[in-house]
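The values are calculated or read from the model by the stated rules, or taken from the named source; none is laboratory data. Keep in mind that this is a model prediction, so the values were computed, not measured. As a convention, Cβ positions derive from the backbone with ideal geometry for all residues, glycine included, and neighbour counts pool all protein chains shown.
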Amino acid sequence: MLGVAATDEPVAEAWWGAHDSGPSRLDAEGLPLDELIAREPAGMLGESAAEHWGPRLPYLLKVLSIGKPLSIQVHPTLDQARTGFSEEQRGTGGAPHHFLDPFHKPEMVVAVTPMEILAGVRPVRDTAIDLRSLETVRASELADILEAAGDIRAFIHEALSAGVGPDTLDALARAGQRADAGSSLAAAARTLHHFPGDAGAVVALGMHRVALAPGESLFVGAGVLHSYQSGLGLEIMANSDNVVRAGLTPKPVNVPLLLELLEPRECAPALPTVHSEGAARHLVTEAQEFALTIVTEGRAQLPAAPRIVLALNGEATLHCDDDRIVLEPGKAAFVPHHCGVLDVTTSGQAVVARTPWETERHH
């Protein structure tokens, strides 16, 4: 997709955006995108966006190539991020710092290939049934704790702080082989292939298993427990690094903070609002930082906004004012707000990351 020669090393993510840890650079002069925006925020972002977000692009576009499950995690609300970041900067939040910026991180993923995702909390009864089906003493204890509490928080704390034991994990692996491949039980068992001995595999039983076909999408808001499992996907998110992990990862975990940020109630995975208009599909969520338009084998005109256009496959031709640029597959362009209406024509698929339009915000 990127036109980069393969190596023996994994390539897990590609980013396009203005995040200060790795901003995109302009081909013409090598200027980082965050610096360009800071020089002229009103022209780059639009006056209202610059006034609201400051001189920073509020979203980040990624392509994820998921070869093994990503960590069980949650993201904070905006208030939680602001408070946590402020406290840690004052030295009252402990070390290492867990809030890396004062922003929240809602995100939306769109499947490019079939994807498997664990997201949202399952009904307590269903998770307890799966736990008891393992027929170990520890699994039954965890089921009792889950049902007594009435939500998933105490169950996660007990499983990750006190552990679950090898016999329960072995039982989960065996049960997963017998279960329907589309079940939460089988999905949780599959994590053990990549993370043997990790108690997070039992926590995974408490999440909905979601299968996305190419083109289907999912929204993950603040406090939603989730773990991307496999597949290639587009991801757009608020421009933040705030992630709190607990299981299925070699990275640092913080179970108490995850439980503090977690929305423990049962909830079904959230879906974006999708509106089709000719060759374009517009995907919008409750997030004010981003929206996504996918143009397929045709032409679309998009109103003014700060836009990143990625040629996902096939060429994409962009017209804005008197400027014209042709993007090869895997290449991207930043189209500032001041360019006005953008005309996109593609022989394959072009992805337009952007801020929501006023009509979408009101809707």
Completion exercise
Residue pairs qualifying under the 6 Å Cβ cut-off, at least six apart or on distinct chains, with the first in segment 34-52 being under 19 Å from G22 (Cβ atoms) and the second being surrounded by fewer than 13 Cβ atoms within 10 Å (Cβ to Cβ) and of a type in the set (S, T, Y), are none
Problem - Meets criteria (surrounded by 16 or more Cβ atoms within 10 Å (Cβ to Cβ) and not β-branched (V, I, T)) for A199 - result: yes
Problem - Residue list for segment 142-185, filter: touching a residue at least 12 places away in the same chain (Cβ under 8 Å), closer than 22 Å to E116 by Cα, surrounded by fewer than 19 Cβ atoms within 10 Å (Cβ to Cβ) and under 28 Å from the mean Cα position of the chain (by Cα) - result: A173, G182, S183
Fill in the blank from the handout: Taking segment 289-303 and keeping only residues that are outside any strand (DSSP E or B) and surrounded by fewer than 18 Cβ atoms within 10 Å (Cβ to Cβ), one is left with P303
Practice task
Please indicate, with yes or no, whether at least one residue in segment 62-74 is out of contact with any strand residue (DSSP E or B) (no Cβ under 6 Å at 6 or more places or on another chain) and within 29 Å of E260 (Cβ to Cβ).
Solution key: yes
Problem - Of all residues in segment 231-286 being of a type in the set (S, T, Y) and surrounded by 20 or more Cβ atoms within 10 Å (Cβ to Cβ), the one that is nearest to the chain's Cα centre (by Cα) - result: S240
Exercise for the section: Take segment 304-319 and flag every residue that is modelled with pLDDT of 95 or more and part of a loop (DSSP other than H, G, I, E, B). Expected result: A304, A305, P306, E315
Problem - K105 vs. criteria buried (at least 17 other Cβ atoms within 10 Å of the Cβ), closer than 29 Å to V274 by Cα, among the basic types (K, R) and not assigned by TED's automatic domain parsing to the domain that holds P196 - result: no
Practice task
Sort out which residues of segment 170-187 are closer than 26 Å to A213 by Cβ, part of a helix (DSSP H, G or I) and not aliphatic (A, V, I, L, M), and write them in order of number.
Solution key: G176, Q177, R178, S184
Problem - segment 320-339, residues that are in a strand (DSSP E or B), in contact (Cβ under 8 Å) with a residue 60 or more places away in the chain and not aliphatic (A, V, I, L, M) - result: F334
Completion exercise
The number of residues in segment 208-237 that are farther than 12 Å from P76 by Cα and either among the small types (G, A, S) or touching a helix residue (DSSP H, G or I) at 6+ places or on another chain (Cβ under 8 Å) (or both) is 11
Handout entry: Lone qualifier among A287, A279 - being out of contact with any helix residue (DSSP H, G or I) (no Cβ under 6 Å at 6 or more places or on another chain), farther than 26 Å from A119 by Cβ and in contact (Cβ under 8 Å) with a residue 12 or more places away in the chain
Key = A279
Exercise for the section: Determine the pairs where a residue that is closer than 23 Å to L327 by Cβ, located within segment 1-16, has a partner that is of a type in the set (D, E) and part of a loop (DSSP other than H, G, I, E, B) with Cβ atoms under 9 Å apart, the partner being 6 or more residues away or on another chain. Expected result: G3/E328
Completion exercise
So the strands (runs of 3 or more DSSP E) completely within segment 40-128 holding 2 or more residues that are in contact with an Asp or Glu (Cβ under 6 Å, 6 or more places away or on another chain) are 59-66, 107-111
